[in-house]
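What follows is one structure encoded as structure tokens, with my remarks underneath.
The values are calculated or read from the model by the stated rules, or taken from the named source; none is laboratory data. As the structure is a prediction and not an experimental result, all values here were calculated from the model. Please note: Cβ atoms are built from the backbone with ideal geometry, for glycine as well, and neighbour counts cover all protein chains shown. The protein model used for the area step is the full one, side chains on, heavy atoms only, and it has no ligands, DNA or RNA in it. Shrake-Rupley method; radii C 1.70, N 1.55, O 1.52, S 1.80 Å.
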Amino acid sequence: MNIALFPLSICILPNGYTQLRIFEPRYLRMISEAMKQQRQFAMAMANKKGSLLRYATIVSIVDFDTLEDNTLSITIKGESLVAIQETQREPDGLLVAKVSEHTAWQATPIQSNDGQEEVLKQKLVELFEQYPQHRDLYPQCQFDDISWICQRWLEVLPLTAEQKQQCIGANSHIAAQSLINQIILSE
């Protein structure tokens with residue numbers, strides 16, 4: 001499968017939401033094609049040196065608005081994970097990649113006897129309450145799913161792109177939860 005890539009330093013994972021401001025012609029074209037269902041696109045993580053990393057998230061556009069300065073504001077939702085196989089640039093500079101599907105983490109109910117999972121859940125609830133503009137992006141929160149909770153933490157914690165990619169590449173949320181526990185529980 002070939003898809004357009006939007007490389008940024010941010011992380012979005014399946015069932016995650018974020019807002020983007022689009023102004024470069026190549027990305028305006030990418031958004032136009034996505035809205036016409038001519039081509040999917042994925043958010044691809046780049047590290048501090050600008051190098052593209054292996055895993056990306058195919059996204060869908062859930063809302064858009066033209067701003068006063070004629071830029072485009074879009075809200076996107078993470079749909080599925082892919083592994084980037086090879087890339088090429090189109091004449092206008094848009095990056096396109098051949099990708100393969102990467103297995104997403106399975107939903108995993110919070111274990112009521114696991115205090116660490118409950119702490120991660122409660123701290124995320126508090127974060128959403130503290131930043132209602134972020135919470136408002138989510139029509140439904142899955143606070144009973146530790147996998148979903150770990151994905152939201154990966155999106156917002158100031159970890160390196162390489163740390164996030166290592167967690168994303170794992171077959172489950174366990175590695176991410178361990179890393180997040182070290183950060184959240186040490187506060």
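Structure notes:
- Extended-chain gain in nm, criterion 0.36 nm per residue less alpha-carbon gap, LEU8 and ASN70: 20.2 nm
- Solvent-accessible heavy-atom area per residue, rounded to whole Å², over region 39-187 at 1.4 Å: 55
- Spacing of the modelled spin labels on GLN140 and ASN47, each 7 Å from Cα toward Cβ, amounts to 3.7 nm.
- Taking every Cα-Cα distance in region 79-185 and sorting them into 5 Å bins starting at zero, the pair-distance distribution P(r) comes out as 2, 11, 19, 20, 18, 13, 8, 6, 3, 1, 0, 0 percent.
- Taking every alpha-carbon pair under 8 Å whose residues sit at least 6 apart, the chain reaches a relative contact order of 23 percent.
- Placing dummy labels 7 Å off each Cα toward the beta-carbon, the span from SER100 to ARG39 is 2.3 nm.
- Solvent-accessible area assigned to carbon and sulfur over region 121-183 amounts to 49 percent, based on a 1.4 Å probe.
- Coordinate range along principal axes, alpha carbons of region 31-150, Å, largest first: 55, 38, 30
- Residue-by-residue Karplus 3J(HN,Hα) for region 44-61, coefficients 6.51, -1.76, 1.60, Hz, glycine and proline x: 10, 7, 10, 7, 4, 7, x, 6, 6, 9, 5, 9, 9, 10, 5, 10, 10, 8
- 10 Å Cβ shell holding at most 13 others, DSSP loop, trypsin sites (Lys or Arg not before Pro): longest site-free stretch of the chain: 50-187
- The lysines whose alpha-carbon is closer than 30 Å to the alpha-carbon of LYS121, local same-chain residues fewer than 8 away aside, are LYS48, LYS77, LYS164.
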